[in-house]
């Protein structure tokens with residue numbers, strides 16, 4: 001159990017099962033928007049279903065096309081329920097921002113400190129609010 | 001995920017997402033655009049840029065004078081929705097805007113076996129960007145067209161190889177733009193003021209010194225993509241400074257180097273001392289800051305060269321050249337090498353380029369030399385952006401580090417990396433042959 005105050009880059013409410021990785025992910029070539037799964041064979045979460053979960057990762061990496069892949073996942077309803085990141089990440093933030101502009105769908109995106117990020121390592125369930133507060137257990 | 005019908009935030013106070021964040025300072029004109037005074041499309045574009053600027057921690061926006069858009073690639077239905085939404089709102093670009101390679105050879109769509117569905121979606125997204133007033137350059141090498149930016153100019157370019165070329169070789173200033181930000185910049189003429197737009201962020205961060213590289217290798221086209229691949233792996237997203245490149249290094253060589261570095265790493269800019277405009281001297285490149293020093297040996301480059309090949313043995317199904325798009329000079333060199341020979345009947349030979357190069361080759365009478373030898377030209381697109389290779393083609397050969405890096409994952413083909421001369425010899429013989437002597441480390445058996 002714990003509570004964290006994060007910084008909301010895209011505000012919204014969400015709750016769900018937590019899926020954690022300390023390895024950055026390229027959404028382009030790494031996230032299947034049709035299935036909501038990780039398809040990067042070199043990633044520790046390869047094969048995991050992430051759609052609808054609270055996805056905790058340090059940041060994206062790689063091509064800016066990752067923004068569009070996240071947007072496609074948002075369009076199809078196969079995006080994570082929320083993203084909790086360690087670094088300000090323009091690729092993922094843009095996907096979330098355009099998701100709101102284009103489809104009127106909110107993918108909350110919250111930045112947390114390095115310490116709080118580590119604290120989420122063993123979290124199983126989390127709830128986020130619009131101010132970036134995170135409760136987890 | 002949930003739906004919302006909230007009012008979109010428009011003013012500074014409403015834009016504030018948390019208490020500790022100071023919102024960006026906007027000009028009166030920015031505020032008017034954000035308020036919708038210039039229409040719905042500029043409002044939407046500005047809203048995206050302002051939110052991005054706040055994510056990045058930028059204090060304000062700055063003016064840009066030119067844009068290169070790669071959103072015209074048909075990557076997904078969402079990409080198409082975004083383009084068509086802006087076009088339907090009658091968005092217009094307000095600065096000169098070039099278009100990247102797209103997802104179709106538009107003048108020869110039936111030459112490559114695209115499905116009807118693919119052709120239709122690729123045309124729709126292309127048409128959306130044309131409707132917004134973008135220039136149909138359809139190339140990933142816009143710096144080799146008439147739309148070359150000037151030294152010191154603030155621009156917003158997408159496409160990783162074009163970004164690194166603009167920053168490094170031209171000395172124009174751009175961050176790594178791409179999905180959505182490119183066209184928003186073109187519609188508003190503004191981008192967040194941060195990163196490589198600012199002089200203090202353009203200094204070198206790691207020195208790479210070439211050590212005992214044979215002159216003959218420095219003169220070979222295969223050297224530069226291999227060096228780029230190595231740099232990308234070692235420098236990540238830092239700015240590398242190269243010492244030891246020949247003073248007569250060509251534009252095409254720097255293009256191949258940058259494309260390799262932007263594929264294997266996130267390199268958005270490099271300096272080559274004595275060659276690129278912001279690195280007249282070593283001191284110039286680093287601007288007085290301290291740096292790590294790395295020596296590059298022939299052994300390091302051999303390891304990088306080996307990484308670019310994902311196939312071994314002699315099987316060869318196709319030679320594919322032109323990522324970034326083959327230039328006129330590269331095409332003329334190919335014509336010289338292949339003149340009087342024939343591509344083997346078991347091998348497909350494809351050069352991906354743009355219309356400008358094809359027409360220039362035609363005008364010089366060289367197109368005939370290439371097609372007569374069995375070379376097929378593909379324009380507007382490339383093998384990574386559109387499904388144009390027959391399914392029987394499994395093993396490719398190329399002198400492009402970018403093709404070699406991406407083809408195994410993106411299009412499930414294995415690749416042998418070789419020089420232009422290797423590619424031509426292999427295509428003619430119908431099996432992989434490579435000149436190894438240039439790469440031999442003295443003393444090794």
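Read the figures in this text as sums done on the coordinates, not as results from a lab. Model, not experiment: these values are computed from the prediction. Cβ coordinates were reconstructed from backbone atoms using ideal geometry, including for glycine residues, and neighbour counts include every protein chain displayed.
Values computed for the structure shown
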| item | result |
| --- | --- |
| Inter-chain shielding of B:221-229 (mean C-beta neighbours from other protein chains, 10 Å cut-off) | 0 |
| Label-to-label distance, nm, for residues given as residue B:303 and residue B:215 (7 Å Cα→Cβ offset) | 2.9 |
| Sites residue B:32 and residue B:293, calculated FRET efficiency, Cβ-Cβ separation with R0 51 Å, nearest 0.05 | 0.50 |
| The range B:203-306 - Rg and Dmax from Cα coordinates, angstrom | 12.3, 36 |
| Quotient of Cα Rg and 2.2 N^0.38 Å for the range A:58-103, N being how many residues it contains | 1.04 |
| Solution diffusion estimate, µm²/s, Stokes-Einstein, the range B:151-206, Kirkwood Rh from C-alpha pairs, 20 °C, viscosity 1.002 mPa s | 187 |
| Relative compactness, the range A:11-81, computed as alpha-carbon Rg over 2.2 N^0.38 Å | 1.00 |
| Order of B:355, B:362 - criterion: other Cβ atoms within 10 Å of each residue's Cβ, fewest first | B:362, B:355 |
| Relative contact order computed over the range B:79-153 (Cα-Cα under 8 Å; 6+ residues apart), in percent | 47 |
| Rg and Dmax of the range A:2-136, Cα atoms only, in Å | 13.0, 35 |
| Separation of the residue B:123 and residue A:22 label points, Cα + 7 Å toward Cβ, nm | 5.3 |
| Length-normalised contact order for chain A - Cα pairs under 8 Å, 6+ apart - percent | 37 |
| Cα centroid separation, the range B:23-67 to the range B:380-394 (Å) | 38 |
| Neighbouring partner chain Cβ atoms per residue of A:54-63, average, 10 Å criterion | 2 |
| Percentage, to the nearest whole number, of Cα pairs in the range B:246-355 over 22 Å apart | 52 |
| Least to most buried among A:28, B:157 (fewest other Cβ within 10 Å first) | A:28, B:157 |
| Spin-label zone in the range A:19-62 - amide nitrogen under 15 Å from a point set 7 Å from the Cα of residue B:409 along the C-beta vector | A:23-33, A:38-47, A:60-62 |
| Average beta-carbon neighbours from other chains, 10 Å sphere, peptide B:296-308 | 0 |
| Between the range A:10-50 and the range A:56-92, the alpha-carbon center distance in angstrom | 8 |
| The range B:308-439, relative contact order [Cα under 8 Å, separation at least 6], % | 36 |
| Tail beyond 27 Å, pair distance distribution of the range B:1-196 (Cα, percent) | 32 |
| For the range B:90-154 and the range B:253-288, distance of Cα centres in Å | 27 |
| Descending principal axes extents, the range B:74-164, alpha-carbon based, whole Å | 44, 32, 20 |
| Sum of -39500 (n - 2.57) over DSSP H runs of 4+, divided by residues of the protein assembly as shown (222 nm, nearest 500) | -10000 deg cm²/dmol |
| Gyration tensor (alpha-carbon) shape descriptor, chain B, a/c threshold 1.5 | oblate |
| Kirkwood-based Rg to Rh ratio, the range B:291-427, C-alpha trace | 1.00 |
| Sorted by Cβ neighbour density within 10 Å, fewest at the top, the residues A:64, B:400 | A:64, B:400 |
| Alpha carbon convex hull of the protein assembly as shown, volume per residue in cubic angstrom | 153 |
